[in-house]
Each structure stands twice: as C-alpha cells, then as structure tokens.
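Since the structure comes first, as structure tokens, the remarks are kept for the end.
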Amino acid sequence: MANAAARVEIQDLIDSRPLSGTQIFVIVVCALSVVFDGFDLQVMALTVPALSQAWGLPPPQFSAALSASLFGMGLGAAFLAPLGDRYGRRAMLVLSLIAVGIGALACAGAQNVTQLAVFRFITGIGLGVSMPNAIALTADYAPRARRSALVTAMYCNTATGALVAGLSAPWIVARLGWQGPFLVGGVLPIAAALLLLVTPESLKFLLHRRPGHASIARILRRIAPAADPATVYVAPPPDVSSGGMRDLFAPSYRLRTLWLWLAFAMNAFILYLLVSWLPTLLLAAGWSASQAQQAVAF
C-alpha cells in the first residue's frame, strides 16, 4: 500500500511538470470547438440578407430568429452547462456540439421564420453549454501559473470563428445559397464532437466522481509517466456556505448587484445588437452583400 505521505494532489502534479502532448491536444481541441461555436454564433446575422431576398421578407421579420439563439445560450449556460460537474466536461461538450450541429443543419432546411427561430434556439442551447465546459476542461488540464493565459487564449477563438464566418460567408453563399453557411456551421461542430471522443476526460472530474476508473491510469501515463495512480488524488472543493440569489440583494450587496447586472446587460445588448444587425444595416446603407458580410469580421 502506498504511503500516505507519498500522495500527490492532481493539480500539484500538473503544476510540477511541463505541458505534455496530451494537455496541448486537449487545449487545441477545446479551441477548435470554440472556433466552430463562434462561427455558428455569427452565421444567422450573415445569412439574413440572403434569406430576406430568397424568402421575400423584410429583415425585421427575422428578429425572433436572431434573438432565439441568445435566449437559448442564456438558458443553456444557466441550467445545463453545470451538468458538466456531474456527468463530465467532455461528455457535456460532445453533446452540446452535436446540438449546435443539428440545430445549424436543421436551419438549412427551415421553411419559415418560426422553424428558423426554433432551430436557432436549439443551436443557442448547445452554444450555452459548450463554451463553459470547454473553459472548464481547459482549466482542469492547465498549470496554475499559466491557466489564465491558456484559458483566455482558448476562449478568444470565439472571435476567430466569427472572423472566419465573416470572411467565408460571401464565398459560401455565392456557391451554396443561404443554406450554405448553416450547412458548414452544422458539419464543423459535429466533426469537433467526434474529435472529442478521443480526447481525455478531465482528470479532476474522474478522480472526484469516478475514483478507480480505468482511464485515470491511462491518462496519467500520458501526462506524468512516473506517477503512481494509486497515490494521486483530487482536493475536495472548498466548503462554501450555501446561499441563494436572494442573498445578492441583501443590503450590503444590493447596489453592487444591480450595477453589475446593468453593466453586463447593456454590454451584451450592444454587442449582440451589432453582431445581429450590422450586415443588414450595412446592406441597407448601400454596401454590397459581400462587403457587408466581411465588415462584420473586422
């Protein structure tokens, strides 16, 4: 039996070693997932001008479809993303990317605005679950000293996805019609989900939720070959006193809570207003369709 003094906490083990190929692979796959999420987040706004022409509807008719993904993101992030703590970060990331892909592919077959809004809502739920779990999986494999930089670099690829969408949309629409960006936005997340099937689950999750699981030893051999799986453990989460949302409105927190909520809400409103409507507004201002779509990238 291993001596208790020889036990090592998993984060300390990760901190004591250089990044392994496995850790880099996890971070790269999470970054790819976020790139494809960014593509799908932007694709609806880029498609509205072509859709408006194809369906003979004015752009304001697509307001519900443009907003549906944002509502889905909020609900997915609030109620489903935390399930990664129970069922695994990788598992939830795979399911969420499949939801994003299916939602995007369904949008390509939509026959009316109502269907489009429903499918974009499904896409938004997937996006809301995907991004937090990609962050968590990256953070679990990152050393403390480099965690902030690695997580930030990984998450910034949301903008990379939006950039790719803006630059490629004119080319895709010209060849595949308005359905093209949705088709591409459906295939890419599903491809990332397949790649995640060969990506290791979070060691912290496995040690906490499934101690003794066979994959723990296999993953440890790839990031710390000399480590004895029997001596590796995960520190229990800090003991945080229970509380609810009502506590945020206690006299000592009420004003700060309201100001933070207002600042975040206004920031999100302005950001998504521009993201959703900029291509259509530029088109109405006399820009060509390709110029309006590419302008969003920059």
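The values are calculated or read from the model by the stated rules, or taken from the named source; none is laboratory data. From a predicted model like this one, the values you see are computed outputs, not experimental measurements. Using ideal geometry, Cβ is built from the backbone for each residue, glycine included, and neighbour counts are taken over all protein chains shown. These area figures cover heavy atoms from the full protein model, side chains too; ligands, DNA and RNA do not enter into them. Shrake-Rupley method; radii C 1.70, N 1.55, O 1.52, S 1.80 Å.
Stretched out straight at 0.36 nm per residue, the stretch from Gln111 to Arg210 would grow longer than its current Cα-Cα span by 31.1 nm. Residues in the stretch 1-124 average 42 Å² of solvent-accessible surface per residue, probe 1.4 Å, ligands and nucleic acids excluded. The overall shape of the stretch 163-251 is oblate: from the C-alpha gyration tensor, with semi-axes ordered a ≥ b ≥ c, the ratio a/c is 1.5 or greater and a/b is no larger than b/c. Figure note: Leu281, Leu183 ranked by solvent-accessible area, largest first, 1.4 Å probe, ligands and nucleic acids not counted: Leu281, Leu183. Between the Cα long axis of helix 157-176 and the first principal axis of the chain there is an angle of about 40°, rounded to the nearest 10. In plain terms, the chain from Ile270 to Gln61 could stretch by 73.2 nm, reckoned as 0.36 nm per residue minus the Cα-Cα distance. Exposure check, 1.4 Å probe, all protein chains in place: Tyr272 carries approximately 60 Å² of accessible surface. Treating r as the C-beta distance of Ala6 and Val187 and R0 as 51 Å, the FRET efficiency rounds to 0.60.
Label reach from Val198 (point 7 Å along Cα→C-beta): in the stretch 100-141, no amide nitrogen lies under 12 Å. Using the average count of surrounding beta-carbon atoms within 10 Å as a protection proxy, the listed peptides 75-82, 119-126, 260-267, 51-58 rank, highest first, as 119-126, 75-82, 51-58, 260-267. Working from label points 7 Å from Cα in the Cα-to-Cβ sense, the Leu75 to Ser290 distance is 3.9 nm.
For Rg and Dmax of the Cα atoms in Å, computed directly from the structure shown, the correct entry in (i) 21.8, 76; (ii) 21.5, 62; (iii) 22.8, 82 is (i). Paramagnetic label reach from Ser16 (point 7 Å along Cα→Cβ; backbone nitrogen cut-off under 16 Å): within the stretch 182-220, residues 220. Listed peptides 248-255, 108-115, 198-205 appear in the order 198-205, 108-115, 248-255 once ranked by packing, highest mean of other Cβ atoms within 10 Å at the front. Rounded if a/c is under 1.5, else prolate if a/b beats b/c, else oblate: with a ≥ b ≥ c from the C-alpha gyration tensor eigenvalues square-rooted, which is the stretch 102-198? Prolate, because a/c is 1.5 or more and a/b exceeds b/c.
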